[in-house]
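The values are calculated or read from the model by the stated rules, or taken from the named source; none is laboratory data. Worth saying up front: this structure is predicted, and the values here are computed from it rather than measured. Cβ atoms come from the backbone with ideal geometry, glycine included; neighbour counts cover every protein chain shown.
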């Protein structure tokens, strides 16, 4: 259970998050949507303890994330996987070492076990032969899949996906969403997915939160968001705009 | 800086005094923040060095990066410096006294106490500190540092400790190497320019334990300061590639300032201690 309580955050003089609260139940798959710059990525980073809020609290299983010291925070992060928007693959390691890194950090696995887990992970993302390649030798879609493999190699109970299909073609996006659905079905993870791909996010999430200008505008399940009469929700969910473009 | 706007006076205008205070206060706070941050990174580095898992592979890679790849640079700069200093000193000495017998001995003392560690540190600050800041800064911008944290690795432990150990060791090694290069270049210059015999030039009679200890202390201090300042600049990058550029500039400026400041402090302390023991 993740509880976000009254989070506010100012960044470079601008209020990015304004008194945001939400609950994420165990096993829930939340779709976090909304216009760019609305604070979606920031809220994920605050939940993980990567960014400290100006006010408010985040609890993961009743543990106050921002009261933890570096060691306790590291222990907590063993239970969280994160797929970053810009892949965030370590460019000085090959793909196999990137995927193996979280397991090596745990320090409880033998090299044979790690090699086996990496082999299986590469097979799961349908890239069995790229272990020796470095991130700069991969396409965007391949990087996303390797990053995904690294995020879930420890089989964490909580996974955050920050725009997993950003900049990818529709076929690769579809493959990524199939992977996400597979991991949710197999592991029963609690997940939060940020995406602008409404078609894809509909398939993998059961609840949706729309964040705009640092505030939660809408929170509800698929039927509720389909039926919502809030203009920005309608615009965003159905993908239309009545604003005039000054071209 | 406070997010509150400056208060206006009765006429609705911000007083010149307040504006002056603000313009003075902002850079002062920035410097104080930077110094505090540098000491935090320094403390954490020692903590993870003593408590963390040793990273031999990364440390050996950094030893190669800082040490081996700086050898040519140090050879060229210190070699030319040795030649120039001896030529200038010899020219002046010949004009004034005509006696060059003490040239080698005094030059060696100067090298050990000052030039070898300090000039080497300046060169390392230029070549290595910029590289460290740019590399770590790029990792921050591309979220690799966040990814390290999410994999339960501490950035200071993983990125700073190997660089700190490698630079501290290599600063001492390169300073000794710099003495040899500059002194050899000086000896050749003295021979070819003034006909001074190498046996006469190589004179250890001026060298005592104080000179060696002072030089080594400086090399050690610079070796610790440079990676900490550089890594702090890298870890505090914000604002994309522009931020990385800013961080590299900050790294080389702050590392050079740290070297000059440490030089002043260690030299001062050294002479105070020398005065007490003699």
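How about the range B:244-259: which of its residues are surrounded by fewer than 17 Cβ atoms within 10 Å (Cβ to Cβ) and more than 12 Å from residue B:34 (Cβ to Cβ)?
First, the residues of the range B:244-259 that are surrounded by fewer than 17 Cβ atoms within 10 Å (Cβ to Cβ): B:245, B:249, B:253, B:257.
Listed by number, the residues that qualify are B:245, B:249.
Would you mind finding the one in A:20, A:58 that is closer than 30 Å to residue B:51 by Cβ and either more than 14 Å from every other protein chain (Cβ to nearest Cβ) or touching a helix residue (DSSP H, G or I) at 6+ places or on another chain (Cβ under 6 Å) (or both)? Quick ask: steps written out before the conclusion?
Working: A:20 fails: closer than 30 Å to residue B:51 by Cβ.
After applying the criteria, what remains is A:58.
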Kindly provide the set of residues from the range A:74-99 that are touching a helix residue (DSSP H, G or I) at 6+ places or on another chain (Cβ under 9 Å), more than 9 Å from chain B (Cβ to nearest Cβ) and surrounded by fewer than 24 Cβ atoms within 10 Å (Cβ to Cβ), ordered by number. A:93, A:94, A:96, A:97
Residue A:38 touching a residue at least 24 places away in the same chain (Cβ under 8 Å), away from chain B (no Cβ under 14 Å), under 30 Å from residue A:7 (Cβ atoms) and surrounded by 20 or more Cβ atoms within 10 Å (Cβ to Cβ): yes
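For every residue, the table says whether it meets (1) within 14 Å of chain B (Cβ to nearest Cβ); (2) more than 21 Å from the chain's Cα centre (by Cα); (3) modelled with pLDDT of 95 or more; (4) surrounded by 22 or more Cβ atoms within 10 Å (Cβ to Cβ).
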{"site": "A:107", "(1), (2), (3), (4)": "yes, yes, no, no"}
{"site": "A:115", "(1), (2), (3), (4)": "no, yes, yes, no"}
{"site": "A:119", "(1), (2), (3), (4)": "no, yes, yes, no"}
{"site": "A:137", "(1), (2), (3), (4)": "no, yes, yes, no"}
{"site": "A:145", "(1), (2), (3), (4)": "no, no, no, yes"}
{"site": "A:149", "(1), (2), (3), (4)": "yes, no, no, yes"}
{"site": "A:170", "(1), (2), (3), (4)": "no, no, no, no"}
{"site": "A:174", "(1), (2), (3), (4)": "no, no, no, no"}
{"site": "A:186", "(1), (2), (3), (4)": "no, no, no, no"}
Mind counting the residues in the range A:203-213 that are surrounded by fewer than 23 Cβ atoms within 10 Å (Cβ to Cβ), in contact (Cβ under 8 Å) with a residue 40 or more places away in the chain and more than 9 Å from residue A:30 (Cα to Cα)? 2
Exactly one of A:219, A:224, A:203 is more than 25 Å from residue B:150 (Cα to Cα), at pLDDT 90 or above and assigned to a helix (DSSP H, G or I), and that one is A:224
Does the range B:114-124 contain any residue that is in a helix (DSSP H, G or I) and over 19 Å from residue B:263 (Cβ atoms)? no
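So which of B:158, B:91 is modelled with pLDDT under 95, within 14 Å of chain A (Cβ to nearest Cβ) and assigned to a helix (DSSP H, G or I)? Break it down into steps so the answer makes sense when it comes.
Details: B:91 fails: within 14 Å of chain A (Cβ to nearest Cβ).
From the options B:158, B:91, the qualifying one is B:158.
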Failed condition for residue B:167, given (1) within 30 Å of residue B:271 (Cα to Cα); (2) within 14 Å of another protein chain (Cβ to nearest Cβ), with all others met? (2)
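Given the condition under 30 Å from residue A:99 (Cβ atoms) and away from chain A (no Cβ under 14 Å), answer yes or no: does some residue in the range B:120-127 qualify? Don't jump to the end; show me each part of the working.
First, the residues of the range B:120-127 that are under 30 Å from residue A:99 (Cβ atoms): none.
No, the conditions are met nowhere in the range B:120-127.
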Matching option when the condition is without any contact (Cβ under 8 Å) to a residue 60 or more places away in the chain and out of contact with any strand residue (DSSP E or B) (no Cβ under 7 Å at 6 or more places or on another chain), among B:144, B:109, B:135: B:144
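Please verify whether the range A:123-133 includes one or more residues that are within 14 Å of another protein chain (Cβ to nearest Cβ) and either crowded, with 18+ Cβ neighbours inside 10 Å or within 27 Å of residue A:22 (Cβ to Cβ) (or both). Spell out how you get there, then give the answer.
Residues of the range A:123-133 within 14 Å of another protein chain (Cβ to nearest Cβ): none.
Within the range A:123-133 (the criterion being within 14 Å of another protein chain (Cβ to nearest Cβ) and either crowded, with 18+ Cβ neighbours inside 10 Å or within 27 Å of residue A:22 (Cβ to Cβ) (or both)), the answer is no, since none of the residues qualifies.
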Regarding the range A:18-41, can at least one residue be identified that is within 18 Å of the chain's Cα centre (by Cα), assigned to a helix (DSSP H, G or I) and at pLDDT 90 or above? yes
Going residue by residue through the range B:179-202, is there one that turns out to be in contact (Cβ under 8 Å) with a residue 12 or more places away in the chain and within 14 Å of chain A (Cβ to nearest Cβ)? no
Which residue, of A:51, A:4, is more than 10 Å from every other protein chain (Cβ to nearest Cβ) and either on the phi < 0 side of the Ramachandran plot or free of Cβ contacts under 8 Å to residues at least 40 places away in the same chain (or both)? A:4
